[in-house]
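Scroll down for the structure; my scribbles are underneath it.
Values quoted throughout were computed directly from the atomic coordinates according to the rules given, and no laboratory measurement underlies them. Every value quoted in this text rests on a predicted model; they were computed, and no experiment measured them. Heads up, the Cβs are rebuilt from the backbone with ideal geometry, glycines too, and the neighbour counts pull from every protein chain shown.
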Amino acid sequence: MNVAPQSVRALSAGVPSPHAAGTKKRPHVTIRGLSKRFGNTVIYDNFDLDIPRGELISVFGPNGCGKSTLINIVAGLIPPDAGQILFDGMRLDQIKFGYVFQNYREALFPWLRAFDNISYPLKMMRVEPAERRARTEQLVAHLGIKLNLDLFPYQMSGGQQQLVSIMRALIVEPEILFLDEPFSALDYEMTLFMREQLQRIFMETGTTTVLVSHDLEEAVFLADRVLLLSRHPAQVADFTPVVAPRPRTDATLSDPEFVRTKAHCLDVFQREVRRA
Amino acid sequence: MKSDAFKPFLPLVGVAGLLAVWALATSLQWVDPVLLPSPVETGKALWKGMDGGALGHDFVKTVYRTAASTAIAAVIAIPLGIVLGASEKVYRSLEFVIDFFRSTPASAMFPLFLILFGVGDETKISVAAFGAILVILFNVAYGVMNARKTRLLAAKVMGASRLRVLFDVMLLESLPQTFVGLRNGVSLALVIIVVAEMFIGSQDGLGHSVFEAEQLFDMPRMYAAIFAAGVLGYGLNLLFLLIERRFVHWSGK
């Protein structure tokens, strides 16, 4: 019933994180007693979770279990019915965060050039235009992304648009980055490219990242830990660490350890799907 | 490759065809030449009328009235449409009233406006503005209401205030639909203005010109005036399309 201790155990059991072997990490995000229902469907009932700092967490689970709902609640897009979510003990409105939508076409502003799309959050923070420009140029240079940012979003490919979305989320130097199935509208070739880009960005910035994915391979490939959710009311089915070193490449996909981790995640997933 | 080069000229085929059939019909006397003058005769009447004649004056008058009514309609309907569209509850409570008057033929309001404004430009312009307001209002409100939810959420997530969301997102999101409203509005305004010019004691305007030519049985002049009205309607529509393409470059993309 109560999976909270289990999730805490998963962390405190001290599975060594690839980044901070040995060091004890304070959790970055603490979710306590989260409850949410849509109509008669209970999505979350007294749900607890700790998200460790500086790690990339993939969220994976059966359809409709509330993967996206989880990050939407944590990112403040949907109000929870009950529960508390703190970031280093602070509320969401006290921290800087970034959010990347699945539907980049509808999330970007088509009337702004890519450059102005990226710097828009700075405008909301009342940063002066000259500094906005400088900081945007700095971010682009820092990430080493080669894109013509004078284009309007509709003049770009899907992958390029989603890259712009990600940069828009990063411009505020967020403490935490949320991505809701960011690559699911892209073709496979572009998805592979974007995985690489996201990994590079994560290695560059080390920002705590929560990625919702519907593709198990992608979830495992990108993650430091895979959060496997049960059917709703969602509980933590497993919080599996992925130990493969970064940068991960195509070779990682066939690495025995990686394959084992993926198989384990699939097992847990199948078990949860079958549980009626 | 070769066929592509001709593509821009394809619309001219229809025009040439129509003129050919028209010329044939008159020269072979399929139709009574009194009822349908030849294209050459009509063209001459059009040229004479527009080149310093009465038709040119009528044309300018109709352009002025249509432009004035559309401008008034836009100034009233666009801000109102944004306010209504921003709150679905407000719009839903007024939807029936708007739909009802939008469906009421504006020409049925002539007598009422005659009493209110007397015989003059004010009546024509205000009836046309009344018709155009409802069309534009309806489209602007829907444009605002149908703003992509994701885009609104995105702005909210980035810390935009409600007012910011309204100006930075909703307003721009509604622009393509606003232009649909403006194009329909100006077409409707022209229809109402031309009808008004025919019947409410008018001294000028294209409607007056058509009506007077009919009374005098001056058929070439009548066709010339009809043709001038057609050019005006097409031109206004094209003008708004060009403005839209220039300022709402993302429309339909």
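At a Förster radius of 35 Å, what calculated FRET efficiency corresponds to the Cβ-Cβ distance of residue A:260 and residue A:188, to the nearest 0.05?
About 0.90, to the nearest 0.05.
Could you size up the charge dipole of segment B:31-156 around its Cα centre, putting +1 on the beta carbon of Lys and Arg and -1 on that of Asp and Glu, and report it in debye to the nearest 20?
740
Would you mind telling me the antiparallel percentage of the DSSP bridges in chain A, rounded to 5?
So the antiparallel bridges in chain A amount to around 55 percent.
Taking Rh as the Kirkwood radius computed over C-alpha pairs, what is the Stokes-Einstein D of chain A at 37 °C in a medium of viscosity 0.692 mPa s, expressed in µm² per second?
Estimated via Stokes-Einstein, D reaches 170 µm²/s.
In 5 Å bins starting at zero, report the fraction of Cα pairs in segment A:164-234 per bin as a rounded %.
With 5 Å bins starting at 0, P(r) equals 3, 14, 28, 26, 17, 8, 4, 0.
From the phi of every residue in segment B:168-173, what ³J(HN,Hα) in whole Hz does the Karplus formula 6.51 cos²θ - 1.76 cosθ + 1.60 yield, where θ is phi - 60° and glycine or proline is x?
7, 10, 4, 4, 6, 4
Using only alpha carbons, build the gyration tensor for segment A:103-244 and give me the equivalent ellipsoid semi-axes, biggest first, whole Å.
Over the Cα atoms of segment A:103-244, the ellipsoid semi-axes are 28, 17, 14 Å.
Applying the Karplus parametrisation 6.51 cos²θ - 1.76 cosθ + 1.60 with θ = phi - 60° to the phi angles of segment A:85-100, what ³J(HN,Hα) value in whole Hz is obtained for each residue in order, glycine and proline being reported as x?
Working through the residues one at a time gives 10, 10, 10, 6, x, 10, 7, 4, 6, 9, 10, 9, 9, x, 9, 10 Hz.
Across segment A:118-123, in residue order, what do the Karplus-derived ³J(HN,Hα) couplings come to in whole Hz, using 6.51 cos²θ - 1.76 cosθ + 1.60 with θ = phi - 60° and x for Gly and Pro?
These are the phi-based 3J(HN,Hα) values: 5, 8, 3, x, 5, 4 Hz.
Mind checking the mean number of beta-carbon atoms from other chains within 10 Å of the Cβ atoms in B:156-168?
Per residue, the average neighbour count from other chains is 4.
Per residue of A:110-123, count partner chain C-beta atoms within 10 Å of its C-beta, then hand back the mean as an integer.
Other-chain Cβ atoms within 10 Å of each residue's Cβ, averaged: 3.
Using only alpha-carbon positions, what ratio does the radius of gyration of the protein assembly as shown give when scaled by 2.2 N^0.38 Å?
Scaled against compact globular proteins, the figure is 1.36.
How far is it, in nm, from the label point at residue A:273 to the one at residue B:40 when both lie 7 Å from their Cα along the line to the Cβ?
Spacing of the two 7 Å Cα→Cβ label points: 8.1 nm.
When only DSSP loop residues count, what trypsin sites (Lys or Arg not before Pro) in segment B:125-233 have their Cβ near at most 16 other Cβ atoms within 10 Å?
The qualifying sites are B:148.
What FRET efficiency, computed as 1/(1 + (r/R0)^6) with R0 = 25 Å and r the Cβ-Cβ distance, is obtained for residue A:157 and residue B:238, rounded to the nearest 0.05?
My answer for the efficiency is 0.15.
Please report the relative contact order for chain B, taking Cα pairs under 8 Å with a sequence separation of at least 6, and give it as a percent rounded to a whole number.
Computed value for chain B: 25 percent relative contact order.
Could you tell me which of B:199, B:138, B:23 has its Cα farthest along the dipole of the protein assembly as shown towards the positive end, charges placed at Cβ (Lys, Arg +1; Asp, Glu -1), taken about the Cα centre?
B:138
Measure off 7 Å from each Cα along the Cα-to-Cβ vector at residue B:16 and residue A:217, then give the distance between these two points in nanometres to one decimal.
Label at residue B:16, label at residue A:217, 5.8 nm between them.
When only DSSP loop residues count, what trypsin sites (Lys or Arg not before Pro) in segment A:118-174 have their Cβ near at most 12 other Cβ atoms within 10 Å?
Taking segment A:118-174 and a limit of 12 other Cβ atoms within 10 Å, the loop trypsin sites (Lys or Arg not before Pro) found are A:126, A:146.
Run the numbers for residue B:161 and residue B:101: contour at 0.36 nm per residue of separation, minus the present Cα-Cα distance, in nm.
Gain in length upon complete extension: 18.1 nm.
With a/c under 1.5 counting as rounded, go ahead and sort segment A:58-185 into rounded, prolate or oblate using the C-alpha gyration tensor (a ≥ b ≥ c being the square roots of the eigenvalues; past the cut-off, prolate if a/b is larger than b/c, else oblate).
oblate
Please give the Cα centre distance for segment A:168-200 versus segment B:212-233, rounded to the nearest Å.
Centre-to-centre distance over Cα atoms comes out at 63 Å.
What FRET efficiency, computed as 1/(1 + (r/R0)^6) with R0 = 30 Å and r the Cβ-Cβ distance, is obtained for residue A:91 and residue A:138, rounded to the nearest 0.05?
0.55
Would you mind giving the mean number of other chain beta-carbons within 10 Å of the Cβ of each residue in A:95-105, as a whole number?
3
Which one of A:259, B:74, B:84 is farthest out on the positive end of the charge dipole of the protein assembly as shown, using unit charges on Cβ (Lys, Arg +1; Asp, Glu -1) and the Cα centre as origin?
The Cα lying farthest towards the positive end belongs to A:259.
Taking segment A:34-107 as the region of interest, what is the percent of Cα-Cα pairs per 5 angstrom bin, listed from the shortest bin to the one with the maximum distance?
The distribution over segment A:34-107 is 3, 12, 23, 26, 20, 11, 3, 0, given as percents.
How would you rank B:82-92, B:7-17, highest first, on the average number of other Cβ atoms within 10 Å across their residues?
The packing order, highest mean first, is B:82-92, B:7-17.
At a 10 angstrom cut-off on C-beta neighbours, averaged per residue, how do the peptides A:255-262, B:126-133 rank from highest to lowest?
Averaged packing, sorted descending, gives the order B:126-133, A:255-262.
Compute the acute angle (0 to 90°) between the alpha-carbon long axis of helix B:88-103 and the principal axis of greatest extent of the alpha-carbon atoms of chain B; round to the nearest 10°.
Rounded to the nearest ten degrees, it is 10.
Per DSSP H run of at least 4 residues, take -39500 (n - 2.57); add these up for chain A, divide by its residues and hand me the 222 nm value, nearest 500 deg cm²/dmol.
-12000 deg cm²/dmol
Under 5 Å between amide hydrogens, which residues at least 5 positions from residue A:47 or on another chain qualify, with H placed 1.01 Å from N in the peptide plane?
A:33, A:34, A:35
Could you give the nm distance between label points at residue A:131 and residue A:46, where each point is 7 Å from its Cα heading toward the beta carbon?
If labels sit at residue A:131 and residue A:46, their model points lie 4.7 nm apart.
Give me the percent of DSSP beta bridges within the protein assembly as shown that run antiparallel, rounded to the nearest 5.
Antiparallel bridges make up about 55 percent of those DSSP assigns within the protein assembly as shown.
Can you give me the long-range amide H partners of residue A:237? Hydrogens built in the peptide plane at 1.01 Å from N, cutoff under 5 Å, separation of 5 or more residues or another chain.
A:228, A:229, A:230
Using helices alone, I'd like the mean residue ellipticity at 222 nm for chain B: each DSSP H run of four-plus residues gives -39500 (n - 2.57), total over residue count, nearest 500.
Using -39500 (n - 2.57) per qualifying helix, the result is -26000 deg cm²/dmol.
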